[in-house]
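Below is one structure, written out as structure tokens, with a few remarks after it.
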Amino acid sequence: MPLGVAAITERAPVIAYLGLGANLGEPAQQVREAVSRLNNADEVEVTRVSSFYRNPPLGPQDQPWYVNAVARVRTRLGPEELLRLLQQIETAMGRERGERWGPRLIDLDLLLYNGEVIFTPDLVVPHPEMHHRVFVLAPLAEIASRAWHPLLHKSAGDLLAELDAADRAALEPLARSELRAESSKQFKSFLSNR
Ligand code: A4P
Ligand code: MG
């Protein structure tokens, strides 16, 4: 392809924020693996990753606690292509689609994409639930407190401050030393609650 054409068709890289969550198997390990799969994908570079936070499930309560994190990526993929990549990674990691808000090995959500508002049958950006969710806003504000919600016209830091203190208190950052031990701990507490 002549150089001029390549220069015109090649998309400039943009910044997107992704939400990662897991509550089956070894949640922290799966979140880490998803970050690494993202970073290995063509046209995607993971530039920041938040702490990992353990937190109670939103939705059905008869499921284990989640580990959640947020990643910042620099990508040349368009939003629909990025969503497809997230879904491919979910499938490759063994996720089966079950009940809405039910337990999962890995869940990858596109939170923000280049400050854009997108509304198609397959993709809604900003993610329509992100501004209510402490497990999204706390890790997002940790790595990008000024990340902007283009519909609410507020930053991640402002949206986090608006949540109930009780919601914020429910979030436990996972210490690095805990990352390895967390799955066995969760399993023990699951057994002792039966
Ligand atoms: N879709 C539209 N917009 C987006 C977007 N911005 N990012 C469509 C990702 N997907 C988007 O998603 C259903 C459809 O949403 C997809 O086909 C895609 O085209 P899904 O991942 O198949 O289904 P789901 O995840 O079960 O449903 P949903 O409504 O996306 O659930 P959420 O919002 O992902 O919530 N509790 C805690 N503590 N932590 C969690 O991470 N997560 C959930 C799932 C529930 N409770 C939780 C957590
Ligand atoms: Mg989802």
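The simple spin-label model puts a point 7 Å past each Cα toward its Cβ; for Ser36 and Ala12 those points are separated by 3.5 nm. Of His127, His153, His132, the sequence from fewest to most neighbouring Cβ atoms within 10 angstrom is His153, His132, His127.
Computed from backbone phi, the HN-Hα couplings of the stretch 19-30 come to x, 10, x, 7, 8, 10, x, 10, x, 5, 4, 5 Hz, rounded to whole numbers (Karplus: 6.51 cos²θ - 1.76 cosθ + 1.60, θ = phi - 60°; Gly and Pro given as x). The ranking of Thr120, Thr75, Thr47 from fewest to most other beta carbons within 10 Å of each one's beta carbon is Thr120, Thr47, Thr75.
Report the far tail of the P(r) of the stretch 34-180, meaning the percent of Cα-Cα pairs longer than 24 Å. Here the long-distance tail beyond 24 Å is 31 percent of all Cα pairs in the stretch 34-180.
Per residue of the stretch 67-77, in order, report the coupling 6.51 cos²θ - 1.76 cosθ + 1.60 (Karplus, θ = phi - 60°) as ³J(HN,Hα) in whole Hz, putting x for Gly and Pro. Along the stretch 67-77, the couplings run 10, 10, 7, 10, 10, 9, 10, 10, 8, 9, 6 Hz. Where only DSSP H runs of four or more residues are counted, the chain gives -11500 deg cm²/dmol as its mean residue ellipticity at 222 nm, each run worth -39500 (n - 2.57). Neighbour counts of other Cβ atoms within 10 Å put Arg100, Arg95, Arg54 in the fewest-to-most order Arg100, Arg95, Arg54.
Residues in the stretch 39-55 carry Karplus couplings, in order, of 5, 7, 6, 4, 6, 10, 10, 7, 9, 8, 9, 6, 4, 9, 10, 8, 7 Hz; the curve used is 6.51 cos²θ - 1.76 cosθ + 1.60 with θ = phi - 60°, and Gly or Pro positions show x.
A short reminder: the numbers here are calculations on the coordinates, not readings from a lab. Since this is a predicted model, take the numbers as computed values, not measurements. Here the Cβ is made from the backbone with ideal geometry for all residues, glycine too, and neighbour counts use every protein chain on show.
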